[in-house]
Amino acid sequence: MSSKISAAITAVGGYVPEYKLTNSELEKLVDTNDEWIRTRTGISERRILKGEGLATSDMVVPAVQEILDKKQMSADEIDCLIVGTVTPDMVFPSTANIACHKLGAKNAWGFDLAAACSGFLYALTTGASLIESGRCKKVIVAGADKMSAIVDYSDRTTCIIFGDGAGAVLLEPNTEGYGIKDSILKSDGAGGHHLHMKAGGSLKPASIASVTNKEHFIYQEGQAVFKHAVKDMADVSYELLQRNNLTGDDIAWLVPHQANKRIIDATANRIGLPHEKVMLNIQRYGNTTAGTLPLCLWDWQEKLKKGDNLVLAAFGGGFTWGATLIKWGY
Ligand code: UT7
């Protein structure tokens, strides 16, 4: 027992919509093919949230509800909900605000955090600080994106990658050394022009011209982003291990952002992890932006053992990137 409080993940929840958008269906929308998509990205299908009036909060709510059910916790016990997302229901109020209302979390405050594909890592570090400082006892950190809301389904370079989904974790205080051990987070706005949404913000509010020019969709220069992602996600993961005097042998799992299987392979190679130790669900969900990391934890939760060292790593729009070391607590 030490008196130092760390933030341990004590439950995981997730939600993916039922509808599966397969590669063969995309072949009917744009000039692409299953073989190209699978070999260049590793993706076979992604989930899409269909239905009028459904938004990102409608995926956050079931993910959080799963945690409440598992822990037999009432929504009133949540102190704070942080939602990493770039596809909030609305510019304001925040998706966290809306989700807390839908959950009946009357004692919680919360906010959205926008760091694109690194949203969950940024939010996790922020949530951990609230626990470590003693300010909060139960913080839920979600990563959720309805990417289908901002994907142009006539652009073959982006529509093949992205999907919808949400994951969430509960953070609670721990004094036995489990939980979030270290985090290196980085940001470089010089990369912004390679990956962004041109309109809809205060720079260029929605107008007839912005809609006509398709400026409310993701704009991505794939190769440039790929080049940075492959190097930076691997480098930051390596830096995290070095700083903690660890090698690949000490790591039970790499939990990588699911943007492209080739980026994941490069990171695993750099820190010396065989593919059996790498969580991979990109083939089923595609890139759910802030959703990828908690959805990996959700899919692998049965395999995780108390004391396992996990490295979570992400790279995305901003540019933003980082890596977090976790000692699994249950
Ligand atoms: O999560 C947020 C961060 N985002 C990322 O990390 C994404 C990083 N980038 C990537 O994953 C990859 O760059 C993509 C998957 C987006 C594209 O793969 P790529 O290997 O970089 O392809 P490319 O852009 O270099 O294009 C290669 C060829 C081109 O044809 P030519 O010029 O060689 O004749 C493209 O026009 O593939 C063509 N192409 C396609 N062909 C079939 C591009 N998209 C497609 C497609 N189907 N969907």
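General observations
- Using θ = phi - 60° in the Karplus curve 6.51 cos²θ - 1.76 cosθ + 1.60, the 3J(HN,Hα) couplings for the range 272-277 round to x, 10, x, 5, 5, 9 Hz; x is entered for Gly and Pro.
- Extension gain for residue 69 to residue 187 (0.36 nm times residue separation, less C-alpha to C-alpha distance): 38.9 nm.
- The range 178-255 and the range 115-170: distance between their alpha carbon centers, rounded to Å: 12 Å
- Hydrodynamic radius of the chain per Kirkwood, over alpha carbon pairs, in Å: 19.7 Å
- Qualifying GluC sites (Glu not before Pro) in the range 6-104, DSSP loop, other Cβ atoms within 10 Å at most 10: 18, 52
- Extension gain (nm, one decimal) between residue 24 and residue 198, 0.36 nm per residue minus Cα-Cα: 59.7 nm
- Using a cutoff of 8 angstrom between alpha carbon atoms and counting only pairs six or more residues apart, the relative contact order for the range 181-327 works out to 36 percent.
- Taken one residue at a time, the phi angles of the range 178-192 give Karplus couplings (6.51, -1.76, 1.60, θ = phi - 60°) of 8, x, 6, 9, 6, 8, 10, 10, 9, 8, 8, x, 5, x, x Hz. Gly and Pro are set to x.
- Placing a label point 7 Å from the Cα of residue 309 along the Cα-to-Cβ direction, the residues of the range 6-28 whose backbone N falls under 20 Å of that point are 6-9.
- Working note: Karplus 6.51/-1.76/1.60 with θ = phi - 60° gives the range 306-317 the couplings 3, x, 4, 8, 10, 10, 9, 9, 8, 8, x, x Hz, where Gly and Pro are set to x.
- 222 nm mean residue ellipticity, helices alone, for the chain (DSSP H n ≥ 4; -39,500 (n - 2.57); rounded to 500): -9500 deg cm²/dmol
- Percentage relative contact order, the range 291-330, counting C-alpha pairs under 8 Å, at least six apart: 40 percent
- FRET efficiency, 1/(1 + (r/R0)^6) with R0 22 Å, evaluated for residue 154 and residue 209 via beta carbons: 0.75
- Projecting the Cα atoms of 173, 97, 11 onto the charge dipole of the chain (Cβ charges, centred on the Cα centre) puts 173 farthest toward the positive pole.
- Sites residue 91 and residue 216, calculated FRET efficiency, Cβ-Cβ separation with R0 22 Å, nearest 0.05: 0.95
Read-outs throughout are calculated quantities, based only on the coordinates presented, and are distinct from any laboratory measurement. If you're wondering where the values come from, they're calculated on a predicted model, not measured in any experiment. For neighbour counting, all protein chains shown are included, and Cβ atoms are generated from backbone atoms with ideal geometry for every residue, glycine included.
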